[in-house]
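Worksheet: the structure to be examined is printed underneath.
The values are calculated or read from the model by the stated rules, or taken from the named source; none is laboratory data. All values derive from a computational prediction rather than experimental measurement. Methodologically, a virtual Cβ is constructed for each residue, glycine included, from the backbone with ideal geometry; neighbour enumeration extends over all protein chains shown. Each accessible area value is taken on the protein alone, full model and side chains, heavy atoms only, with ligands, DNA and RNA left out. Shrake-Rupley method; radii C 1.70, N 1.55, O 1.52, S 1.80 Å.
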Amino acid sequence: RILLTSAALLAGTAASAQTVGFSQIGSESGWRAAETTLTRQEAEARGIDLRFSDAQQRQENQIAAIRSFVAQGVDAILLAPVVATGWDSVLEEAAEADIPVVLLDRRVDSSEDLYLTAVGSDLVHEGEVAGQWLVDNKPEGECRVVELQGTTGSSPAIDRATGFRNAIDGAEGIEIVRSQTGDFTRSGGKEVMESFLQAESGNEICALYAHNDDMALGAIQAINEAGMNPGEDILIVSIDAVPDIFQAMANGDANATVELTPNMSGPAFDALEAYWADGTEPEKFIQTESRLYTQDDDPMAEYEARKDLGY
Ligand code: GZL
């Protein structure tokens, strides 16, 4: 009898475990890897059955994954949308199946009615913080800037470009002379920076603004290989605050980064648990905080604090 009761109890507990499908963009950056690691840990800690799909940065794979999650009848879907457009029909299918969708770290242009909430940072503000750092720290005179943009059509690429331009527009002598996507990857950042250096040979490049640290780290490699000193000849400002950018700061190769927390799933699961419990409708946007870090902020301590978080 006791054995039966405990088995029945276990079965009962297992049956109440919520199942969540997670359509992740891929593993294009250290930050993305940390977001995945933390999401798996959060789900484990909460007894949530997480079904994970890596889209290799292709929207069609994310759409297929969402359709599969709907067919499985999951209790919720997490979506980190690689680009901002093209989600209406698949989000409508999830809505028709009464499956709540929570957006992580990027936004979509679909109606807010098609998702429960979006967890992310103020991406425009991140660009403004990066731009303001350069305004405050650029050398005297003209400062010609090159920009490595994130994935074309993604909300961070759009908003971080806007924010940086908001900050520098009012300042004298700062001009963006080249801008191109490096797709948020180190290899992309390195290749595009090599082309910037060739195209601008003979002209002075004062600073690089990269929409994420991984592209900045690739660019630092290219600048070193060109026999120049990143962090001195060319100032480096980027976004994410991954461990390796702090290592670069400690070496004098990078100057500033704007932190983006990789723990988007904590607030997401909090909102879902409240919704599952009694239908509580969260705010449509749950904003995470970001702050500036520079070489003055003990980079190696920041490196140590982050190095085991799964980046
Ligand atoms: C921003 C997030 C970005 C990170 C990159 O919210 O979507 O995607 O800044 C990642 O590292 O590729």
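Please enumerate the residues belonging to the stretch 269-293 that are within 16 Å of the chain's Cα centre (by Cα) and closer than 30 Å to GLN247 by Cα.
Of everything in the stretch 269-293, those that are within 16 Å of the chain's Cα centre (by Cα) and closer than 30 Å to GLN247 by Cα turn out to be GLN287, THR288, GLU289, SER290, ARG291, LEU292.
Checking ALA130 against (1) closer than 21 Å to SER265 by Cα; (2) open to solvent by less than 10 Å² (accessible area, probe 1.4 Å), which test does it fail?
(1)
From the list VAL108, VAL135, which residue is assigned to a helix (DSSP H, G or I) and either of a type outside the set (Lys, Arg) or away from the ligand (no atom under 12 Å from the Cβ) (or both)?
VAL135
Among the numbered conditions (1) part of a loop (DSSP other than H, G, I, E, B); (2) more than 13 Å from the ligand (Cβ to nearest atom); (3) under 21 Å from the mean Cα position of the chain (by Cα); (4) of a type in the set (Gly, Ala, Ser), tell me where ALA171 comes up short.
Every listed condition holds for ALA171 apart from (3).
Within the set of pairs 6 or more residues apart or between chains, which connect a residue that is within 16 Å of the ligand (Cβ to nearest atom) inside the stretch 186-211 to a residue that is aromatic (Phe, Trp, Tyr) and part of a helix (DSSP H, G or I) with Cβ atoms less than 9 Å apart?
That search, which allows pairs on different chains as well, returns LEU208/PHE196; TYR209/PHE164; HIS211/PHE164.
Within the set of pairs 6+ apart or on separate chains, which have a first residue in the stretch 223-235 that is in contact (Cβ under 8 Å) with a residue 24 or more places away in the chain and of a type outside the set (D, E, K, R), a second that is open to solvent by less than 70 Å² (accessible area, probe 1.4 Å) and part of a helix (DSSP H, G or I), and C-beta atoms under 6 Å apart?
Close Cβ pairs (under 6 Å, with a partner that is open to solvent by less than 70 Å² (accessible area, probe 1.4 Å) and part of a helix (DSSP H, G or I)) amount to ALA226/LEU197; PRO230/ILE220; PRO230/ILE223; ILE234/ILE223.
Output the residue which, of all residues in the stretch 71-81 that are crowded, with 20+ Cβ neighbours inside 10 Å and more than 19 Å from LEU309 (Cβ to Cβ), is nearest to the chain's Cα centre (by Cα).
If we take residues in the stretch 71-81 being crowded, with 20+ Cβ neighbours inside 10 Å and more than 19 Å from LEU309 (Cβ to Cβ), then PRO81 is nearest to the chain's Cα centre (by Cα).
Taking the stretch 39-65 only, how many residues are within 16 Å of the ligand (Cβ to nearest atom) and open to solvent by less than 30 Å² (accessible area, probe 1.4 Å)?
Matching residues across the stretch 39-65 total 3.
Going through the stretch 146-168 one residue at a time, which ones are part of a helix (DSSP H, G or I) and within 16 Å of the ligand (Cβ to nearest atom)?
SER155, PRO156, ALA157, ILE158, ASP159, ARG160, ALA161, THR162, GLY163, PHE164
Regarding THR152, is this residue surrounded by fewer than 23 Cβ atoms within 10 Å (Cβ to Cβ) and under 24 Å from ALA199 (Cα atoms)?
yes
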